[in-house]
Amino acid sequence: MRKCLALIGLLLFPAVATAEVPGTKELTPQIGWQYGGTQEYVTYLGYPAGDFHSNANLNYGGTFSIFLKPVYAAEISYSYQSTDLIVRPNGQRDQKVGTLASQYIQLQGTRVIPVKPGKTDFLGFGGLGATVFSAQGYNSHWLFSVSGGIGVKVHMNERTSLRLQTRLLLPIQWASSGFYFGTGGSGVTVGGGSSIIQGDVSLGLTMKLGSQRQ
């Protein structure tokens, strides 16, 4: 029994040794690659049924973190992407509809798992918030969204780290309406509530604003 407790203590020691002081704040500017984003439609102007698709493109934003406990942080993240919005009617050529702006605002909880004390941490996080889709000439749409992801933080020194992460992004549409659109004459209809799957991979530079690591 004592040997078992000693082993558990040794396994937990790295987490304690690399824990953050509660109240520590971090700011992480990020740049990445956002992909996915397809919404099927039943009717759109004179086109046959098909779908809208947002092309993969760069996104950028940032994350603000505050540690509530040594290995638990509350975070608010923001990301923005501008990309081509394509209509893909069945049996016809794809056509660009316009430029689509996507914004994600997420409040998330993050668990830090030290891998190499003082050098590398593994991150797991999940959250919820809002997503805004805007295209010139069409109404903007605010949607509830959820997110989840994993990442790794490599410490360069006591004040800065590199943060590499990947996220799954799920804007949710609760009722039957146009996902990207909704102007009076657009004629966009989709069947029932739905969600759209997007994702991103990003790299950021984390800068500590509060206390240094223990």
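Nothing in this text is a laboratory measurement; each read-out follows from the coordinates by a stated rule. Worth saying up front: this structure is predicted, and the values here are computed from it rather than measured. Cβ coordinates were reconstructed from backbone atoms using ideal geometry, including for glycine residues, and neighbour counts include every protein chain displayed.
Structural remarks
- FRET efficiency for the pair ILE66 and GLN136, taken as 1/(1 + (r/R0)^6) with r the Cβ-Cβ distance and R0 = 41 Å, rounds to 0.65.
- Database remark: amide H of ALA56 closer than 5 angstrom to the amide H of GLY36 (H placed geometrically; neighbours at sequence offset of 5 or more, or on other chains; Pro and chain starts carry no H).
- Net charge dipole size for the stretch 32-208 [Lys, Arg +1 and Asp, Glu -1 on Cβ; Debye, nearest 20]: 620 debye
- In this structure, the amide hydrogen of GLY98, modeled 1.01 Å from its nitrogen in the peptide plane, lies closer than 5 angstrom to those of LEU85, counting only residues at least 5 positions away or on a different chain.
- Counted residue by residue at 0.36 nm each, then reduced by the alpha carbon distance between them, the extension gain from ILE150 to ASN57 reaches 31.4 nm.
- Whole-Hz couplings from phi, Karplus 6.51/-1.76/1.60, listed for the stretch 38-45; x for Gly and Pro: 10, 10, 6, 10, 8, 9, 7, 6
- FRET efficiency, 1/(1 + (r/R0)^6) with R0 41 Å, evaluated for ASN90 and ILE31 via beta carbons: 0.70
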